[in-house]
Amino acid sequence: MKEKLELSNLKQEFGKLIQDIQNIMDDARIASARALNRSILFANWHRGRRIVEELQDGNARARYGANLIPTISKVLTIEFGKGYSERSIRNYRQFYLDFPDFEIWHARVPNLTWTHYKILLRVEDKKARDWYLTEASNQMWSSRTLDRNVSSQYYFRLISSKGKGKDEVIEEMKEKTSGEEYRNISPEEFIKSPIVTEFLGLPKDNGYTERTLESALLDHLQEFLLELGKGYAFVERQQHIVTDTDDYYIDLVFYNYLMKCFVLIDLKTTKLTHQDVGQMDMYVRMYDELKRPEGDNPTIGIVLCSETSKDIARFSVLNGNKQLFASTYLTYLPSEAELLREIDIQKEFYLLQHPEAR
């Protein structure tokens, strides 16, 4: 007790000096970590470059052929121990091939690690890879988040969620990630379908209630916000709205600071119905009248359901509505074929809802 009291008195007396020294130590640790990370990245890139140069040499191909990488792995493992498996050697080679201008990239995204880059090596599409690279840096994605977004085809779901052509969406995306201000934003740019929620751990057969789904989403709120996209902030669950005649409760309320509007989400574990759309239409109208602050954009309503309906898209108030949307969710990571099939279904649903986008 006496030592603790003495330490407390010393901290009070020399508080600023101690804090300054701690700040210097923290800065040194950060600088050391950055220097180490840079060193590892450039070492791996130069390793890859040397391997590519050797493979491109005709004599090397004649001497070693397909055995070059296994040979390098064997020798380096004997000399230096672990860290030089065949897979690692191939990663070095692919790193150089995918990022021949790595010095430029590293200057733009210095906060990414070798683990990030190994994940990016799985992305064959260059436009997608560059987008993931930029987003991972700008949004400070952990390697785990990047891995999940790559595995769930986040990029391709994003560009397929809109009614516009693929090339136009990609160009818009490049502008948005180049540091320019967001302006003339349409809600479609921020609303994806399908939404992949495998992190919830829910069964694939929808054997759960809406309340269970809601609780699971809130238990994994950080992952859900990342899945929703840019600009979302959580406001409240089961938000209570009182009118002159009744009480209403909205499942989930978010605010998107880029769209500058509230986003209401109603959860359904079944196929979309016209009653679901009508209920959300009422919620949006009530929110605009009773809750929306002056200067905000109109409220957006999303019915998050297990399956959409072409008839609802064509014949309900969803048709042509700029404030109402329906998105599906998948409680598992789909295969590429399953994902493409679901994307096609949701694209057709969107075009039925917005025939002018065809």
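Pull out the extension gain between residue 16 and residue 54, defined as 0.36 nm times the separation in residues minus the alpha carbon to alpha carbon distance; nm, one decimal. Can you show the working numbers first?
Numbers: separation 38, 0.36 × 38 = 13.68 nm, distance 5.69 nm.
Contour length minus Cα-Cα distance gives 8.0 nm.
What percentage of the solvent-accessible surface of the stretch 201-257, computed with a 1.4 Å probe over protein heavy atoms, is contributed by carbon and sulfur atoms? If you can, show how the numbers build up before the last one.
Details: 1440 of 3040 Å².
Result for the stretch 201-257: 48 percent of the exposed heavy-atom area is carbon or sulfur.
Can you compute the label reach from residue 214? Point 7 Å from Cα along the Cβ direction, backbone N cut-off under 15 Å, restricted to the stretch 317-339.
No residues fall inside that zone.
As a test of reading the structure, rank 145, 197, 270, 245 by solvent-accessible area (1.4 Å probe, protein chains only), most first. Don't skip to the end; give the middle numbers.
Values: 145 25, 197 0, 270 75, 245 125 Å².
Most to least solvent-accessible, the answer reads 245, 270, 145, 197.
Label point 7 Å out from residue 319 along Cα-to-Cβ: which residues of the stretch 284-313 have amide N under 17 Å?
Those under the cut-off are 309-313.
Tell me, what is the FRET efficiency for residue 104 and residue 222 to the nearest 0.05, using R0 = 25 angstrom and their Cβ-Cβ distance as r?
Given R0 = 25 Å and the Cβ-Cβ separation, E is 0.20.
Per-residue accessible area for residue 291 at 1.4 Å probe radius, Å² rounded to 10?
Around 90 Å² of this residue is reachable by solvent.
Would you check the accessible area of residue 156, probe 1.4 Å, heavy atoms only, in square angstrom rounded to 10?
Approximately 50 Å² for this residue.
What accessible area per residue comes out for the stretch 249-358, rounded to a whole number of Å², with a 1.4 Å probe?
Working: 5080 Å² over 110 residues.
Counting only protein heavy atoms, the per-residue value for the stretch 249-358 is 46 Å².
Provide 292, 29, 157, 90 ordered by accessible surface of protein heavy atoms (probe 1.4 Å), highest first. Write down the numbers at each step before the final one.
Values: 292 85, 29 140, 157 0, 90 115 Å².
Result, largest first: 29, 90, 292, 157.
Not counting ligands, DNA or RNA, and with a 1.4 Å probe, what is residue 322's accessible surface area in Å² rounded to the nearest 10?
About 110 Å², ignoring ligands and nucleic acids.
If packing is taken as the average number of other Cβ atoms within 10 Å across a peptide's residues, how do 38-48, 272-282 rank, most packed first?
Numbers: 38-48: 16.2, 272-282: 18.2.
So the order, starting with the most tightly packed, is 272-282, 38-48.
With every protein chain kept in the model, how would you rank 192, 127, 16 by accessible area, 1.4 Å probe, largest at the top?
Details: 192 5, 127 95, 16 150 Å².
If we order 192, 127, 16 from most to least accessible, we get 16, 127, 192.
The values are calculated or read from the model by the stated rules, or taken from the named source; none is laboratory data. A quick note: this is a predicted structure, and the numbers were derived from the prediction, not measured. Glycine gets a Cβ as well: all are built from the backbone with ideal geometry, and neighbour counts include every protein chain shown. Surface accessibility is based on the protein's heavy atoms, side chains included, excluding ligands, DNA and RNA. Shrake-Rupley method; radii C 1.70, N 1.55, O 1.52, S 1.80 Å.
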